[in-house]
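Readers should treat all values here as calculations from the given coordinates under stated rules, not as data from a laboratory. For clarity, every value in this text was computed on a predicted model and none was experimentally measured. Quick reminder, even Gly has a Cβ in these numbers, built from the backbone with ideal geometry, and neighbours come from all protein chains shown.
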Amino acid sequence: MSGEDLNVVGAAALVLVRDDGGPRRGRAQGEVEILTDGAVAIRSGRIVAAGPTDEVLRAAGPAPTLDARGRTVLPGLVESHTHPLFGGDRHHEYAEKLSGTVPRDPTAPRGIGAAVLHTREADDGALLSDAARAYARLLRGGATTVEVKTGYGQSTRQELRALDLLHRSRATTPQSLVLTFLGAHVVPPEAADAESYAGLVRDEMLPAVVEQGIADLHDLVCERGVFDEGVAAELLDASRKAGLPARVHADANAASRGWATAVAGGAIAADHLTYTPDSEIREVGTTSTVAVLLPVAEQLYLDERRANARLFIDEGVPVALATDYCSALHPTSTLLSLALGTSWFRMTPAEAIVATTLNAAYACARGHDRGSIDLGKRGDLTIVDCPHPNEICVSMGTAPLGAVVIEGRVVLGGSA
Ligand SMILES: [Zn+2]
């Protein structure tokens, strides 16, 4: 599907995130150029010019025009961590945790295990319409690309079904979806133990997923008490042999050697990292593996600590920020994640912008064609109704969305 032609002109702030051929790390994560009276020209869905409005119009010529006066124009935000396909409700778990009350039936399944049971029972139509509603909200949260994981099937048949449904869900949104197979998410009730279930993921599910040909990425959990570092290393090895780029849910609940295991296993990203010890971050040092941090998840899980974003950046690790929309948590604003990068993690606004654009794209193996304002990349833009990107942070992500452009199409909002 080829895109359209569009000139976005007169931006109060055009935020030029640039791609140097990889995720931005260290000091470079905080380097973005902000241009006043900026413009972007898109032809057939691709960026062909960006810079001062008069120069861009001279170079690219006339086209349908979107007036961005008074607004901030960002590269299209990339939402790099969601699990949108699930059945059932889990909001009561949060309320119970806060009030300290015991669940009415303490033997009833809780957590991810409960979501697995409800997802298996849910019909396709209900799962698709819930996912479509989530995409619509994520679009209003500024995301032009969304990474979507399975993880609530946890059997070969159910995981293939989930990937098929995620593929079909593309028809419900203009957003670009990156599909991730998350086999080793939790040990399902019918499995004897973690090792035997991980063996099933490695020997049966992963080959079946490759055969199906829908998944773009392979994700797995490395967490003490779920899948340990030895199991995770084996799955990462299998992923490499299968040719699927891998990601790891790491150190979300406890220090589990998840970060070191992900980097050693060649993962393109590791997510959560709330409990990764400072000593492990220093030991691992500079990486091309992206650390995907989840500020809303840390707050709603009522965590004892937060990921050490500052140390990751100082050690030369590219950092991304994401919502973690899933069965337990329903944040849908990537603009909120961007803002929380500053208040929760003490990142600079520029670092947080890179974390929700270019580095997020690389965390989804999509850095080559999106996430920055570079010639030849997809014409995806997130336009916010405020005159400077700092306003996104000081409004805690509530500065209104002005427009969303995907491959040159205005899919939400319009001219100022
Ligand atoms: Zn997750």
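With θ set to phi - 60°, apply the Karplus curve 6.51 cos²θ - 1.76 cosθ + 1.60 along the stretch 272-286 and write out the HN-Hα couplings as whole Hz, x wherever there is a Gly or Pro.
5, 6, 4, 9, 4, x, 4, 4, 6, 4, 5, 4, 6, x, 5
Cα axis of helix 124-140 to longest principal axis of the chain: angle in degrees, 0 to 90, nearest 10?
For helix 124-140, the angle is close to 40 degrees.
With r as the distance between the Cβ atoms of HIS91 and ARG69 and R0 = 25 Å, compute the FRET efficiency 1/(1 + (r/R0)^6) and round to 0.05.
For R0 = 25 Å, the calculated efficiency reads 0.05.
With each pseudo-label sitting 7 Å past Cα toward Cβ, what's the ARG224-ARG240 distance in nm, one decimal?
Between ARG224 and ARG240, the simple spin-label model gives 2.6 nm.
Test of understanding: ordering TYR94, TYR325 by Cβ neighbours within 10 Å, fewest first, what list do you get?
Taking fewest neighbouring Cβ atoms as first place, the list is TYR94, TYR325.
Can you put THR145, THR342, THR398 in order, fewest other beta carbons within 10 Å first?
Final ranking by Cβ density, sparse to dense: THR398, THR342, THR145.
Roughly what would the spin-label model give for THR36 and ALA255, points 7 Å off Cα along C-beta, in nm?
Once both label points are built, they end up 4.9 nm from each other.
Of all DSSP beta bridges in the stretch 77-363, what percent run antiparallel (nearest 5)?
Antiparallel bridges make up about 5 percent of those DSSP assigns within the stretch 77-363.
Rounded to the nearest 5, what % of the DSSP beta bridges within the stretch 171-249 are antiparallel ones?
Given both bridge residues lie in the stretch 171-249, the antiparallel proportion sits at roughly 10 percent.
Could you give P(r) for the chain, binned at 10 Å from zero, as whole percent values over all Cα-Cα pairs?
5, 24, 33, 25, 11, 3, 0
Between LEU302 and LEU375, 0.36 nm times their residue separation minus their Cα-Cα distance comes to what?
Fully extending the segment from LEU302 to LEU375 adds 22.0 nm.
If I model a spin label at SER196 and ARG110 as a point 7 Å from the Cα along the Cα→Cβ vector, what separation in nanometres do I get?
It works out to 2.6 nm between the two label points.
Express in whole angstrom the spacing between the alpha-carbon centres of the stretch 127-184 and the stretch 1-68.
First find each Cα centre; the distance between them is then 29 Å.
If Lys and Arg each add +1 and Asp and Glu each add -1, what is the summed charge of the other residues whose beta carbon sits under 9 Å from the beta carbon of TYR275?
The answer is -2.
Viscosity 0.890 mPa s, temperature 25 °C: Stokes-Einstein D of the stretch 60-115 from its Kirkwood Cα radius, in µm² per second?
Estimated via Stokes-Einstein, D reaches 149 µm²/s.
Out of all DSSP beta bridges in the stretch 34-170, what portion is antiparallel? Express it as a percent rounded to 5.
60
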